[in-house]
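Colleague: Have a look at this one.
The values are calculated or read from the model by the stated rules, or taken from the named source; none is laboratory data. Keep in mind it's a predicted model, so treat the numbers as computed, not measured. Methodologically, a virtual Cβ is constructed for each residue, glycine included, from the backbone with ideal geometry; neighbour enumeration extends over all protein chains shown. Please note that ligands, DNA and RNA were not included when accessible areas were found on the heavy atoms of the full protein model with its side chains. Shrake-Rupley method; radii C 1.70, N 1.55, O 1.52, S 1.80 Å.
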Amino acid sequence: MSRTPRALAAVSLGVAASLAVTAAPAGAATARFTPGAPGAGDPYFPDMGNGGYDVAHYDIGLKYDPATKGIEAVTKIKAKATQNLSRFDLDFLGPLKISSLTVDGHKASFTRTGAQELVITPRKGLRKHRNFTVTVAYSGVPTTINDATLGTSGWIPTADGAVMLNQPFGAATVYPVNDHPTDKATYTFTLSAPKGLTTLANGDPRGSRTRHGWTTTRWDMRSPMASELAMLAIGRYDVLKGRTGAGIPNLTATDHAMAIKPEDAKKFHDQTAAVTDFEASVFGRYPFASTGGIVVKAGVGYALETQGRPVYDLGRRPGSIPSGGLLAHELGHQWFGDAVSPAKWADIWLNEGFATYSEWLWAEHANGTPVQQSFDSVYATPASDGLWKGKVADPGRDHIFDGLVYDRGAMAIHVLRKTIGDRDFYRLLEAWPAAHRYGNASTAEFVRFAERLSHKNLDAWAKAWLYSEGKPSL
């Protein structure tokens, strides 16, 4: 992610849920059924996510009506119980009204508690390891999260439609979800809007049809994706399709409201392809089926590494397209943050440090600016500056989008490079995302991985650059 302002805080949405034990259904022998946890246990966001099950797939059907600025939607969730479940929670935030809810085709009771909890009780308990499907139909105008320090996320209205940007917990404003990066799933989006509006989402386009004045498109993201990386956009866009030099399908779109000239839209498209191929040459095989990007005018003032197709809001600059450095940052996230996601939000430097280092690598490749020069420029920041306050590997939820994890994270990576040498460092850049592809990993796991690969003890490096406050000496 690239945000302005850079220092943003995370907000915990309070919720309480009873943990009473429910009796086993008839014929269930001695099985004991208990509620799933109402949170995933992340210290920074204790109410995000839920326990007791693992989601495999989201199928989101959504119809947008410009007259009301609202949606009609049906979300189907395929999941597996990881315990004997008497009931379970989904995250669902805001005023959207549920008209029906079923579990495996049978009506289930539900309540909405706290700020974001949708508590579902199926007609009988769900045994551990059982696959089940939750279908939720709902409608209304989704809420937008506006926080003084966190910024704007979730469902964001635009002049002619809307865009969904979810980091860290905006997904729950649009669809019921297990909203934590550790529960990745595949996705299908089926999006409908009046003819003349474009509908876009993560993944690969699977066809479009127009009937009775409405156009419907279908998109498949077949690689596991964290909910914070899900994206959709509705509005008037110019869309370009092609392939990178290495043959990766490439789809870019530019918002009519940005008044981008056709030649500049083509430049954005071509540079997206060039950056993707360059980073694949450094980080290893591109992890998804296609690449691309979307330039929007949404008023949020940041770019986000939505999986396979980053979104770029460039503020009040009509005609603008993303710089090469910004493309390198968000596309670098496809390996670091998207394919490999943090085990907990405290590990976000593994996203942002590597994405910032991707900028430095691109600057060297494209402009001849040595990575060492980029490092030196940031390291010259005086020791009294706020940049050196806090710990990179545990920044606190008020600093998960701060220079602490972006710039100091990138500097930590460069010092690691100097410590283990270029040969092992470039091996690490490929081996790490390959070893944890489509999963999650922690800071401790990264340090151990780098030690095994380089056959070096990295305790001193980790202590100075990841686990301590202050400006480390060189």
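Colleague: Among the residues of segment 283-312, which ones are open to solvent by less than 10 Å² (accessible area, probe 1.4 Å) and either over 25 Å from His365 (Cα atoms) or of a type in the set (D, E, K, R) (or both)?
Modeller: Result: Val296, Glu305, Arg309.
Colleague: Same structure again: Tell me the residue from Ala67, Ala37 that is part of a loop (DSSP other than H, G, I, E, B) and more than 28 Å from Thr190 (Cβ to Cβ), please. Spell out how you get there, then give the answer.
Modeller: Values: Ala67 fails: more than 28 Å from Thr190 (Cβ to Cβ).
Exactly one of Ala67, Ala37 is part of a loop (DSSP other than H, G, I, E, B) and more than 28 Å from Thr190 (Cβ to Cβ), namely Ala37.
Colleague: May I pose another question? Report whether or not His365 is within 25 Å of Gly293 (Cα to Cα) and in contact with a Ser or Thr (Cβ under 6 Å, 6 or more places away or on another chain).
Modeller: Working: within 25 Å of Gly293 (Cα to Cα): yes; in contact with a Ser or Thr (Cβ under 6 Å, 6 or more places away or on another chain): no.
So His365 does not fit the description; no.
Colleague: Mind listing whichever residues of segment 421-457 are in contact with a Lys or Arg (Cβ under 8 Å, 6 or more places away or on another chain), within 19 Å of Val392 (Cβ to Cβ) and of a type in the set (Ser, Thr, Tyr)?
Modeller: The one that is in contact with a Lys or Arg (Cβ under 8 Å, 6 or more places away or on another chain), within 19 Å of Val392 (Cβ to Cβ) and of a type in the set (Ser, Thr, Tyr): Ser442.
Colleague: Could you tell me which numbered condition His212 fails, if it satisfies all but one of (1) in contact (Cβ under 8 Å) with a residue 60 or more places away in the chain; (2) open to solvent by 10 Å² or more (accessible area, probe 1.4 Å)?
Modeller: Among (1) in contact (Cβ under 8 Å) with a residue 60 or more places away in the chain; (2) open to solvent by 10 Å² or more (accessible area, probe 1.4 Å), the lone unmet condition for His212 is (1).
Colleague: Return a yes/no flag: does segment 441-459 have any residue that is in contact with a Ser or Thr (Cβ under 6 Å, 6 or more places away or on another chain), open to solvent by less than 40 Å² (accessible area, probe 1.4 Å), over 22 Å from Phe288 (Cβ atoms) and at pLDDT 95 or above.
Modeller: First pass over segment 441-459, keeping only residues in contact with a Ser or Thr (Cβ under 6 Å, 6 or more places away or on another chain): none.
The answer is no, given that none of the residues of segment 441-459 is in contact with a Ser or Thr (Cβ under 6 Å, 6 or more places away or on another chain), open to solvent by less than 40 Å² (accessible area, probe 1.4 Å), over 22 Å from Phe288 (Cβ atoms) and at pLDDT 95 or above.
Colleague: For segment 367-383, state whether one or more residues are charged (D, E, K, R), closer than 29 Å to Gln167 by Cβ and not assigned by the TED database to the domain that holds Lys184.
Modeller: Here is the first cut: in segment 367-383, the ones charged (D, E, K, R) are 376.
When the remaining residues are screened for being closer than 29 Å to Gln167 by Cβ, the result is none.
No, segment 367-383 contains no residue that is charged (D, E, K, R), closer than 29 Å to Gln167 by Cβ and not assigned by the TED database to the domain that holds Lys184.
Colleague: Please specify each residue of segment 89-120 satisfying the condition of being assigned to a loop (DSSP other than H, G, I, E, B) and under 15 Å from Tyr175 (Cα atoms). Don't jump to the end; show me each part of the working.
Modeller: Residues of segment 89-120 assigned to a loop (DSSP other than H, G, I, E, B): 92-96, 104-105, 108, 114-116.
Of everything in segment 89-120, those that are assigned to a loop (DSSP other than H, G, I, E, B) and under 15 Å from Tyr175 (Cα atoms) turn out to be Phe92, Leu93, Gly94, Pro95, Leu96, Ala115, Gln116.
Colleague: If a residue counts only when it is within 25 Å of Lys63 (Cβ to Cβ), in contact with a strand residue (DSSP E or B) (Cβ under 9 Å, 6 or more places away or on another chain) and open to solvent by 30 Å² or more (accessible area, probe 1.4 Å), which strands (runs of 3 or more DSSP E) contained entirely in segment 225-267 have at least 1 such residues?
Modeller: Working: elements: 232-235, 237-243, 249-255.
Answer list for segment 225-267: 237-243.
Colleague: At pLDDT below 95, surrounded by 16 or more Cβ atoms within 10 Å (Cβ to Cβ) and either touching a Cys at 6+ places or on another chain (Cβ under 8 Å) or part of a loop (DSSP other than H, G, I, E, B) (or both): which single residue out of Pro168, Pro142 fits that description?
Modeller: Values: Pro142 fails: at pLDDT below 95.
Of the residues listed, the single one that is at pLDDT below 95, surrounded by 16 or more Cβ atoms within 10 Å (Cβ to Cβ) and either touching a Cys at 6+ places or on another chain (Cβ under 8 Å) or part of a loop (DSSP other than H, G, I, E, B) (or both) is Pro168.
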